[in-house]
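The values are calculated or read from the model by the stated rules, or taken from the named source; none is laboratory data. These numbers come from a predicted model, not from an experiment. Quick reminder, even Gly has a Cβ in these numbers, built from the backbone with ideal geometry, and neighbours come from all protein chains shown.
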Amino acid sequence: MRRINLDQIDEPDGVVRLEIDSVEIESLAENIREVGLLQPILVRPKGERFEVVAGHRRYLAHKLLELTSIQCSIRELNDIHCAVARASENLGRVDLSPIEEAAIYADLRDQHGLTIDEIGRRMAKSPGIVKRRLDLLKMPPQLQKAIHKKQISYSVAEELWSLGENSAIDYYLSFCIDHGATQAVVRGWVKDWKDAQRRDGSGTGGSGEVSSPMESRPYYVACDLCQGPMVIGDETVFRACPKCSGLISEAVKTGS
């Protein structure tokens, strides 16, 4: 444990977070100004310098306060142990988005060679959860961004992803963000869109127009006389006794 000059410390190398909220850093800096640093940051030696392993936000808050040094816990760590320690700290954050969680797992897999089972064991997660999070990174960027910003849920993103066309995804995603939508509602939109593609026969949307999911749709009932389809609201209502209504029905059937 010792204080180290900030100009001797480098920020973390590799995936940590997709973005760091400047307001959050300002709030942390104000807290450190008032009560001091309650927990040292963790660093590892790298040549003549040091790299932040855990405590990146505390490091940035010190820089914002224009402090010259920070209390550090120094530990010799190889790249894998460093990545695991950094991932453990980030996964403990309550505001971590599913996309950030996925990025952490992807870093452990792609940059450090850990398998899904190994990641699950080290992070105390089931392999199924790890794989499902990694699948998020296969989604189109607009869906990843919406999940990260908590504008839509993972289940809604999965439904939109099944549309398969970016233009349709963008269109329906805008309705989800502006009006909100459950998984069941979006599944209905997707089904209607795919049905329209099949009816069109081209599989590409024909005219390229996408029907608005907010448009009202006609509902049909059978006519009591001819049994043909009739839009609700277009019916004609009149009063007739059972005898007269029976005569009308018979006349329709016989064409007389």
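I'm checking my understanding of the structure. Among residues of segment 208-256 that are of a type in the set (Lys, Arg) and either surrounded by 10 or more Cβ atoms within 10 Å (Cβ to Cβ) or more than 30 Å from residue 172 (Cα to Cα) (or both), which one is modelled with the highest pLDDT? It would help to see each step written out before you state the result.
Step one: list which residues in segment 208-256 are of a type in the set (Lys, Arg), which gives 217, 239, 243, 253.
Within this subset, residues satisfying the condition of being either surrounded by 10 or more Cβ atoms within 10 Å (Cβ to Cβ) or more than 30 Å from residue 172 (Cα to Cα) (or both) are 239, 243, 253.
Working: 239: 75, 243: 84, 253: 76.
Applying the filter and picking the extreme gives 243.
Among the helices (runs of 4 or more DSSP H) lying completely within segment 100-191, list those that include at least 2 residues that are among the charged types (D, E, K, R).
116-123, 127-136, 154-161, 166-179
For residue 205, indicate whether it is at pLDDT below 90 and under 16 Å from the mean Cα position of the chain (by Cα). Step through it out loud before you land on a result.
On the way: at pLDDT below 90: yes; under 16 Å from the mean Cα position of the chain (by Cα): no.
Here the answer is no, as residue 205 does not meet what is asked.
For (1) assigned by TED's automatic domain parsing to the domain that holds residue 189; (2) within 21 Å of residue 52 (Cβ to Cβ), each residue gets a yes or a no:
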| site | (1), (2) |
| --- | --- |
| 84 | no, yes |
| 95 | no, yes |
| 120 | no, no |
| 160 | yes, no |
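Restricting attention to segment 167-203, the residues that are closer than 13 Å to residue 142 by Cα, surrounded by 13 or more Cβ atoms within 10 Å (Cβ to Cβ) and not aliphatic (A, V, I, L, M) total 4.
So in segment 7-39, with the set limited to residues that are assigned to a helix (DSSP H, G or I), of a type in the set (Gly, Ala, Ser) and loosely packed, with under 14 Cβ neighbours inside 10 Å, which one is modelled with the highest pLDDT?
My answer is 27.
A residue that is within 30 Å of residue 116 (Cβ to Cβ), part of a loop (DSSP other than H, G, I, E, B) and in contact with a helix residue (DSSP H, G or I) (Cβ under 8 Å, 6 or more places away or on another chain) cannot be found anywhere in segment 63-73.
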